[in-house]
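Just so you know, all these numbers are worked out from the coordinates, no wet-lab data involved. As the structure is a computational prediction, the values presented were derived from the model and not from experiment. Note that each Cβ is placed from the backbone with ideal geometry, even for glycine, and that neighbours are counted across all protein chains shown.
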Amino acid sequence: MLNAQDGATHRGQVLLGVYYKKLIDKKYRNVIELKPQLTNDLVFCEGLKTDQQRTSAITAAGQLHYVLHSDSSGIYELEMEQGNFVTFAQLIENNPAVVATPDYIDNTVRSLMVLTEHLHNDGILHLCYAPQNVFARKSDNSPLLLCHGSSFLAMFDVASLYQEVEHFVAPEVMTGGTADERSDVFALGRFIEWLFQHGDMPIEYKRVVQKATQEDPDKRFRSVADMHAALDRNRNTKRSVVAFVAALAVVLFCVWLYFEMVPQTEDIEFVEAAPREQTDDYLDEGFNPETELGLWVDSVDTLSDEERARMDEYMRKAEDIFRRQYRREADKIMSKVYTKEGMSLSENVFIASTNAMTEELIKAQQRLAGEAGITDDVAVKIASEINDQLAAEKQKNLQLNGYQKGTHEEEPAIANQNKTTNQNENKQQ
């Protein structure tokens with residue numbers, strides 16, 4: 001089948017014709033079948049021979065070498081060196097994600113610039129970096145160049161060589177003007193634009209491409225070397241800005257963390273005291289317990305003996321009233337606890353009962369003291385005496401009614417009762 005098809009597989013359009021693999025001497029060779037309209041031009045054929053001789057002496061890694069095949073009709077194809085190559089148009093069509101590989105575009109552009117600078121040192125101009133005119137090695141996708149445009153500048157119609165790729169050629173070349181290194185600057189700028197056709201172009205490339213693709217050659221970079229240096233400067237500037245922003249972010253974070261972790265200090269304004277005035281002497285005469293505690297001795301001393309006797313008599317009556325009323329209330333309250341059944345309860349239950357009794361006695365004492373009009377000190381003293389009397393009477397009655405103090409079940413109750421009585425007295429005092 002391959003022999004029937006003239007051994008052609010994977011055909012692709014390139015600048016000079018059709019690129020494919022051809023079976024020659026039982027081996028597949030990379031060949032370009034030249035366009036007939038180009039091979040019919042004797043100036044083109046002579047330029048192709050000149051280019052083949054000049055490129056054979058170039059040892060740069062990105063330069064492809066080739067030989068020409070001719071017959072009685074003249075040159076009809078060129079055979080490239082051994083290897084697996086594709087054009088960039090085929091590479092991106094088959095594997096568009098390759099441009100997203102980290103640093104791939106940077107490495108590709110750098111390699112083309114370095115190779116072009118080498119060509120310029122030898123007086124060679126490439127002039128067209130269209131994706132159909134730039135090859136890539138399949139193993140690492142590195143860029144490669146084949147024939148160079150400066151060998152064909154003597155053609156009468158140079159524009160016919162760049163049909164369908166005019167966008168990638170400098171205007172002065174298409175119009176038959178003078179081509180120089182700035183023409184390659186323009187062509188490289190167009191190729192970089194094409195690499196970023198499906199993505200956002202970084203700022204360092206935008207500035208370089210904008211200047212490189214100016215219509216006026218005087219507004220472009222003077223050489224590819226200047227273009228390369230400008231790209232490196234822009235890239236370094238971008239890295240510096242990114243590093244500065246990152247460092248600034250770290251510093252701001254540290255400052256924020258410092259103020260968050262360290263307590264803030266507040267300024268305290270100290271105000272001097274007002275000057276001492278004469279009236280202050282009347283306001284600061286020391287502590288007087290008689291006046292400041294409400295004990296106006298002068299007002300008591302003004303009472304007569306008769307008035308004092310009536311007041312004392314009134315207080316005694318009030319105390320007697322409180323004594324009778326409290327004794328009656330306390331007897332009712334204590335009678336609930338001082339019974340044979342109550343004294344025989346367990347220790348915990350007895351303690352709870354005596355605590356409740358104590359609370360009731362205190363409330364009764366305070367209520368009756370307020371009604372009788374006597375002071376709390378006097379009320380506590382009288383209540384304590386009555387509580388002791390009633391407690392003794394209650395215990396005596398229990399013993400007369402058959403309650404034996406020495407039994408093992410009743411001893412804890414008696415002890416707790418005595419303890420509770422003492423606590424009541426202390427609490428009331």
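Some points to look at:
- Neighbour-count ranking [beta-carbon atoms within 10 angstrom, fewest first] of 178, 237: 178, 237
- Mean-position separation - Cα centroids, segment 172-213 and segment 337-398, in angstrom: 111
- If R0 equals 30 Å, the separation of the Cβ atoms of residue 82 and residue 37 corresponds to a calculated FRET efficiency of about 0.55.
- Rounded if a/c under 1.5, otherwise prolate or oblate - segment 86-240, Cα gyration tensor axes: oblate
- Taking 122, 51, 331 and counting other C-beta atoms within 10 Å, the order from fewest to most: 122, 331, 51
- Calculated FRET efficiency for the pair residue 219/residue 93, C-beta based, R₀ 30 Å, to 0.05: 0.35
- Note on segment 9-80: percent of Cα-Cα distances in each 10 Å bin, starting at 0 and stopping at the bin with the largest distance, equals 19, 50, 31, 1.
- Each of residue 197 and residue 236 was given a label point 7 Å from its Cα along the Cα-to-Cβ line. The distance between the two points is 3.4 nm.
- Annotation: extensible slack from residue 393 through residue 332 equals 20.6 nm (criterion: 0.36 nm per residue apart, minus Cα-Cα distance).
- Residue-count net charge about residue 161 - beta-carbon cut-off 13 Å; Lys, Arg +1, Asp, Glu -1: -4
- This model, with +1 at the C-beta of Lys and Arg and -1 at the C-beta of Asp and Glu, gives segment 9-80 a dipole about its Cα centre of some 340 debye.
- Calculated FRET efficiency, residue 107 to residue 67, Cβ-Cβ distance, R0 = 30 Å: about 0.50 to the nearest 0.05.
- Counted by Cβ distance under 14 Å from residue 52, the other residues give a net charge of -3, where Lys and Arg count +1 and Asp and Glu count -1.
- Pair residue 305, residue 400: separation of 7 Å Cα→Cβ label points (nm): 4.7
- In terms of surrounding Cβ atoms within a 10 Å radius of their Cβ, 368, 188 rank from fewest to most as 368, 188.
- Overall, the anisotropy analysis places segment 49-127 in the oblate class: the square-rooted eigenvalues a ≥ b ≥ c of its C-alpha gyration tensor yield a/c not less than 1.5, with a/b not exceeding b/c.
- Residues in segment 44-88 that a label on residue 157 would reach, taking backbone N under 15 Å of a point 7 Å out along Cα→Cβ: 44
- Sequence-distant residues sharing a close amide H with residue 86 (under 5 Å, placed H): 136, 138
- Extension gain (nm, one decimal) between residue 375 and residue 59, 0.36 nm per residue minus Cα-Cα: 101.5 nm
- Hz values of 3J(HN,Hα) by residue in segment 356-372 - Karplus curve (6.51, -1.76, 1.60), Gly and Pro given as x: 5, 4, 4, 4, 5, 5, 5, 4, 5, 4, 5, 5, 6, 5, x, 5, 7
- Placing unit charges on each Cβ (+1 for Lys and Arg, -1 for Asp and Glu) gives segment 86-240 a dipole about its Cα centre, and among 94, 178, 230 the Cα reaching farthest toward its positive end belongs to 230.
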